[in-house]
Structure formats: C-alpha cells, structure tokens
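Below is one structure, written out as structure tokens; comments come after it.
The values are calculated or read from the model by the stated rules, or taken from the named source; none is laboratory data. Only a predicted model underlies this, so the values are computations on that prediction, with no experimental measurement involved. Please note: Cβ atoms are built from the backbone with ideal geometry, for glycine as well, and neighbour counts cover all protein chains shown.
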Amino acid sequence: MKHASPDASVREGNRGPRPPLKAEAKTLYSKASGERRKQLGVAMIGYGKAAMHGAGEDFAKDAQKKASALRDQYDKEVAGLEELIRTGELVPATKKLSEFRKRWGPAGKEDTKRIAEELRKARQAQ
C-alpha cells in the first residue's frame, strides 16, 4: 500500500514553531522594557527577539539598539571579571561574579560557569 506524502502546509508545520507575529513581538518589547529593571539578561534576550520578529517596525529598531547596548555592557562585565581573576583580585571577583549572576540570569549562565571555574582554579593556585 502506498502512502501519500503530506501537502506543503503539513510539511511547513513540521519545521518547528513559527516565529511570533509582529503584535507578539511588540509584547516581547514591552516585557523586555519591564524586565530591564530586574534582570538585564532577560531584557537583552527579549529585546533581541522583539527586534528579530518585529522587523520593519519602529519598535524593532529601538529593540535592536537596546539589545546591542545590553550586549556591550554584558561583554564589558565579563571582561572585567576575567581581568580581576587575571590580576589575582579574587575577593572582588567573587563578589562581582555573584552580582553578575543575579543581574544577567539565564543569559549569563555559561559565562558564569566558566568564570566560576577560572576563579576556583585561581584560588587553588594561591
């Protein structure tokens, strides 16, 4: 018995979830604005999604700028933590890592793990 292949509409549905519509992107933008006061990492991700899914809208341009600014801030904080460890300032590095973890949340998870491991190694070397 031969099976018929699904039509294009069914195949399209198998490519994963569809991106949010522009109205949903506007909601992501608004939510990211509120989260910015609490967790910068959540805001950074939200702004990035709003910029991607709201392409062509005015808020999407603003979202892209805000996501980029938050990413720059994130990169500077990571570099600052690495410098503290490199120069042997382990107590301030520990405090700043804790603050970083709270501020950036899930967006900083991988860097937090990596920096915590570098900090552990640096303590053992002393």
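Residues in the stretch 69-77: is at least one in contact (Cβ under 8 Å) with a residue 24 or more places away in the chain, within 18 Å of residue 117 (Cα to Cα), assigned to a helix (DSSP H, G or I) and of a type in the set (Ser, Thr, Tyr)?
No, there is no match, as no residue in the stretch 69-77 is in contact (Cβ under 8 Å) with a residue 24 or more places away in the chain, within 18 Å of residue 117 (Cα to Cα), assigned to a helix (DSSP H, G or I) and of a type in the set (Ser, Thr, Tyr).
Pick from 66, 61: which is crowded, with 19+ Cβ neighbours inside 10 Å, modelled with pLDDT under 95, within 23 Å of residue 29 (Cα to Cα) and not aliphatic (A, V, I, L, M)?
Going through 66, 61 in turn, just one is crowded, with 19+ Cβ neighbours inside 10 Å, modelled with pLDDT under 95, within 23 Å of residue 29 (Cα to Cα) and not aliphatic (A, V, I, L, M): 66.
For the subset of the stretch 20-53 comprising residues that are in a loop (DSSP other than H, G, I, E, B) and either acidic (Asp, Glu) or farther than 28 Å from residue 78 by Cβ (or both), which member is modelled with the highest pLDDT?
21
Given the condition under 28 Å from residue 31 (Cβ atoms), touching a Gly at 6+ places or on another chain (Cβ under 8 Å) and among the small types (Gly, Ala, Ser), answer yes or no: does some residue in the stretch 93-107 qualify?
Within the stretch 93-107, one or more residues are under 28 Å from residue 31 (Cβ atoms), touching a Gly at 6+ places or on another chain (Cβ under 8 Å) and among the small types (Gly, Ala, Ser).
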